[in-house]
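Enquirer: Pasting a structure below so you can have a look.
Each reported figure results from applying straightforward, stated rules to the coordinates on display, with no laboratory input. All values derive from a computational prediction rather than experimental measurement. Cβ placement follows ideal geometry from the backbone for every residue including glycine, while neighbour counts extend to all protein chains displayed.
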Amino acid sequence: MIVVDDLHKHFGGFHAVDGASLEIAQGSITGLIGPNGAGKTTLFNVIAGVLKPTSGRVSMAGEEITGLPPHELFHKGLLRTFQIAHEFSSMTCRENLMMVPGDQLGETLWNTWFGRKRIADQERALRAKADEVLEFLTVEHLADHKAGQISGGQKKLLELGRTMMVDARIVFLDEVGAGVNRTLLNTIGDAIIRLNKERGYTFVVIEHDMDFIGRLCNPVICMAEGKVLAEGTLAEIKANEHVIEAYLGTGLKNKDKVGA
Amino acid sequence: MDFLNAIIALLNFVVVPAMAYGSQLALGALGVTLIYGILRFSNFAHGDTMAFGAMVTVLFTWLFQSWGISLGPLPTALLALPLGILGCMGLLLATDRVVYRFYREQKAKPVILVIVSLGVTFIMNGIVRFIIGPDDQRFADGERFIVSARTFKELTGLREGLAIKTTQGITVITAVVVVALLFWFLNRTRTGKSMRAYSDNEDLALLSGINPERVVMITWLIVAGLATIAGVLYGLDKSFKPFTYFQLLLPIFASAIVGGLGNPIGAIAGGFVIAFSEVTVTYAWKKVLTYLMPESLEPSGLVQLLSTDYKLAVSFLILLIVLLFKPTGLFKGKAV
């Protein structure tokens, strides 16, 4: 589905992503783990078009998508959520969802004045869909609340809901569980599994909660220092020597670093 | 009777002029605030954008006048206004294409864009002076007054007259219509919602499939409309002189900031706050007070708090006071 080939992203002298190559299989829920600063979020940002790569290529279903802007990737079915939930704070949850499908009829000045009827029809359909999504996520009672006022966990659910407003092909979730309580995390997990099974979404999940990863993800990819360290099931990853070293470090390795 | 006379004098010299001036400031501040909210920089070129739009309108007005076309009692400029707006739209889109887009692609910081807009200011300034010259231009025609002081006096028998100039009436009515349209557009249409979404959270808007270039283009088009209308109304009310538009930049920015940058309601409120304070502080209150006070207490001086030369200072005093107590403006805007 997604192939990343020797991707580099440098910020001045700092190599945030340093030659990462990986492949994400269609229909999988791939976990992306690694210590803080491993380059996971930067990798997300490059794939999702927020940052331009220094070098390397990204392709989706055989088509090169390197460096395309986010709104174009959106139309190709590539969506993402943020580490810290983003929302349009002054709009209600329902309006937030209704913003999602891009290129709506009402977005051109011409239709705004001369296509009122068609816009109204489209809005009605969108509204129904937004309500359906809120119900799926079991937060229909929040529909008319301002999105800026709901809890952090609920914002994460709303973000997941945004991906359901269109037929996404692949969704990148950046620390969807950060700061979310267990019960809500389970709800989010259920939603991810259902979307994967029922709608065939491919997911890539950055997460630090290993129980969550273990429940959802196969395979799991571990990154460290901008490179892909290992790939496999969670059990395999946990047993991998390099991974343990990346997380816990070794005395020898630290000494090397200081010397360098 | 004296009390009524006092009220009429107050209306005539303070309320009516401040309403008209406030409407002009509000329209200008709306343009500034939209650009700040969506393009995320303070556009110093706004005053000269107004001058350019007004200039195109003036030129077309003269053309129409020479053809003998007129709107009867209304100024011919209203007929030329749409053409002025089109001209201004052309200028802004061209500027965006040539200048701002480059910096947007570089993801330049707002500070850099502010300085860039200062450069644009001087270029627009030059273009306007090159085409129409730096002098005062009159282009108002039609009836001068809706109600003239003499008719009012004859009608009511009061000693004080109330004069409402046609331009003042047109200014307030146009401002109300334009503001109503703008709010309907921002709140009720999908395009407007996209603009608000883009202003609220750019990253998320992009990931919702909103095309940023289209949002930016529509913003410039709306700003061109607002700037031209504000510029023409100001020109009709006073007279058209390129330099005064550059000076207007200060009270316009003060209005937008006092109300809360990025907040359209704030821009309107700010416009009126600034206009009313400028007018009241520089008005000579002697006349009003003479009517209200017993003869023995009548003031001998003019009772003018500040000379009109300090008009601009008033905006800044208010700006300082508001920002000290409410750093994001009267209505919650974005942090400056």
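Enquirer: Charges at C-beta only: +1 for Lys and Arg, -1 for Asp and Glu. How large is the resulting dipole of the range A:87-166 about its Cα centre, in Debye rounded to 20?
Expert: 140 debye
Enquirer: How tilted is helix B:110-132 with respect to the longest principal axis of chain B? Cα atoms for both, answer in degrees (0 to 90, nearest 10).
Expert: 60 degrees
Enquirer: On to the next question. Compute the normalised compactness of the range A:76-189: alpha-carbon radius of gyration over 2.2 N^0.38 Å, N being the residue count.
Expert: 1.11
Enquirer: Work out the length of the dipole vector of chain B about its Cα centre, built from +1 on the beta-carbon of each Lys and Arg and -1 on the beta-carbon of each Asp and Glu, and round it to the nearest 20 debye.
Expert: It works out to roughly 700 debye.
Enquirer: At 0.36 nm per residue, and after removing the present C-alpha to C-alpha distance, how many nm does the segment from A:E231 to A:D190 gain when stretched out fully?
Expert: Going from the current span to full extension adds 12.4 nm.
Enquirer: Percent of Cα-Cα pairs more than 47 Å apart in the protein assembly as shown, please.
Expert: When every Cα pair of the protein assembly as shown is considered, 30 percent fall beyond 47 Å.
Enquirer: Further question: For B:L302 and B:L158 in one chain, what is 0.36 nm times their gap in residues minus the Cα-Cα distance, to one decimal in nm?
Expert: Additional length available on full extension: 49.6 nm.
Enquirer: Starting from 0.36 nm per residue, how many nanometres of slack lie between B:W62 and B:K107 once their C-alpha separation is accounted for?
Expert: That works out to 11.9 nm of additional length.
Enquirer: Based only on other Cβ atoms within 10 Å, what is the fewest-to-most ordering of B:F331, A:F44, A:F11, B:F325?
Expert: Fewest-to-most Cβ neighbours within 10 Å comes out as B:F325, A:F11, B:F331, A:F44.
Enquirer: Which of B:I222, B:I7, B:I318, A:I193 comes first, and how do the rest follow, when ranked by fewest Cβ neighbours within 10 Å?
Expert: So the residues, fewest neighbours to most, are A:I193, B:I7, B:I318, B:I222.
Enquirer: Next question, about the same structure. What distance in nm lies between label points placed 7 Å from Cα along the C-beta direction at B:L181 and A:S21?
Expert: Each label point lies 7 Å from its Cα, and together they span 5.9 nm.
Enquirer: Under a GNM of chain A (C-alpha, springs under 10 Å), which listed residue has the highest mean-square fluctuation: A:G161, A:G189, A:G12?
Expert: Of A:G161, A:G189, A:G12, the most mobile in the Gaussian network model is A:G12.
Enquirer: Could you size up the charge dipole of the protein assembly as shown around its Cα centre, putting +1 on the beta carbon of Lys and Arg and -1 on that of Asp and Glu, and report it in debye to the nearest 20?
Expert: Using Cβ point charges on Lys, Arg, Asp and Glu, the protein assembly as shown gives about 940 debye.
Enquirer: If one computes the Cα centroid of the range B:131-174 and of the range A:83-152, what distance in Å separates the two points?
Expert: 48 Å
Enquirer: Taking the highest mean first, how do the peptides B:10-16, B:93-99, B:34-40 order by number of other beta carbon atoms within 10 angstrom per residue?
Expert: Per-residue Cβ counts within 10 Å, averaged per peptide and sorted highest first, yield B:34-40, B:10-16, B:93-99.
Enquirer: Using alpha carbons only, how many degrees (0 to 90, rounded to 10) separate the axis of helix B:212-237 from the longest principal axis of chain B?
Expert: For B:212-237 against chain B, the angle is about 20 degrees.
Enquirer: Taking the Cα centre of the protein assembly as shown as the origin and placing charges on Cβ (Lys, Arg +1; Asp, Glu -1), which of A:F136, A:H86, B:L261 is farthest toward the positive end of the dipole?
Expert: So the residue furthest toward the plus end is B:L261.
Enquirer: Work out the mean other chain Cβ neighbour count within 10 Å for the residues of A:48-56 and drop it here as an integer.
Expert: 1
Enquirer: Also, I was wondering about something else. Compute the Rg/Rh shape ratio of the range B:2-325: radius of gyration over Kirkwood radius, all on alpha-carbon atoms.
Expert: Rounded to two decimals, Rg over Rh is 1.01.
Enquirer: Also, I was wondering about something else. Could you give the nm distance between label points at A:R199 and B:F243, where each point is 7 Å from its Cα heading toward the beta carbon?
Expert: 6.3 nm
Enquirer: Further question on the same structure: How large is the convex hull of the C-alpha atoms of the range B:117-276 per residue, in Å³?
Expert: 153 Å³
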